[in-house]
Amino acid sequence: MRKHMVSAILATAAGAVFRISAIEWLFLFLAIFLVITLEMVNSALENVVDLASDYHFSMLAKNAKDMAAGAVLVVSTYAVITGLIIFVPKIIALIFGNR
């Protein structure tokens with residue numbers, strides 16, 4: 001969760017530096033909040049599964065944890081793609097100028 005928060009702060013700072021548009025802010029915040037929300041749901045699900053399985057190995061418990069972690073991975077991939085779409089053109093324009 002700490003890494004997600006650091007990434008969110010850096011992305012927000014980059015948005016301020018590059019003066020992204022209102023639409024870009026909406027997509028950026030959507031990505032940030034989706035990742036943080038799904039990470040919280042993943043953590044809650046892992047705790048419930050651990051409590052319910054009484055710390056004995058269960059394939060169903062493992063599958064539930066893997067699927068929750070997979071959901072975080074999918075939404076994190078969306079966040080990375082969103083960040084690339086927003087920031088790569090701005091970084092390229094900064095490096096090469098507006099030719």
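The values are calculated or read from the model by the stated rules, or taken from the named source; none is laboratory data. Here the structure is a predicted model, which means the values were calculated and not measured. Because the Cβ atoms are built from the backbone with ideal geometry, glycine has one as well, and the counts that use them run over all protein chains shown. These area figures cover heavy atoms from the full protein model, side chains too; ligands, DNA and RNA do not enter into them. Shrake-Rupley method; radii C 1.70, N 1.55, O 1.52, S 1.80 Å.
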> Got a sec? Which of A69, A64, A44, A79 is in a helix (DSSP H, G or I), open to solvent by less than 90 Å² (accessible area, probe 1.4 Å) and over 21 Å from M5 (Cβ atoms)?
Replying inline: A64
>> Here's a check for you: in the range 47-61, which residue that is open to solvent by 60 Å² or more (accessible area, probe 1.4 Å) and in a helix (DSSP H, G or I) is farthest from F33 (Cα to Cα)?
In response: M59
> When both residues are 6+ apart or on different chains and their Cβ atoms are under 8 Å apart, which pairs have a first residue that lies in the range 23-39 and is closer than 25 Å to A64 by Cα, and a second that is open to solvent by 80 Å² or more (accessible area, probe 1.4 Å) and in a helix (DSSP H, G or I)?
Replying inline: I36/M5
> Cβ-Cβ below 7 Å, separation at least six or inter-chain, first residue in the range 46-69 and modelled with pLDDT of 90 or more, second surrounded by 11 or more Cβ atoms within 10 Å (Cβ to Cβ) and among the acidic types (D, E): which pairs?
Replying inline: K65/E46; A68/E46
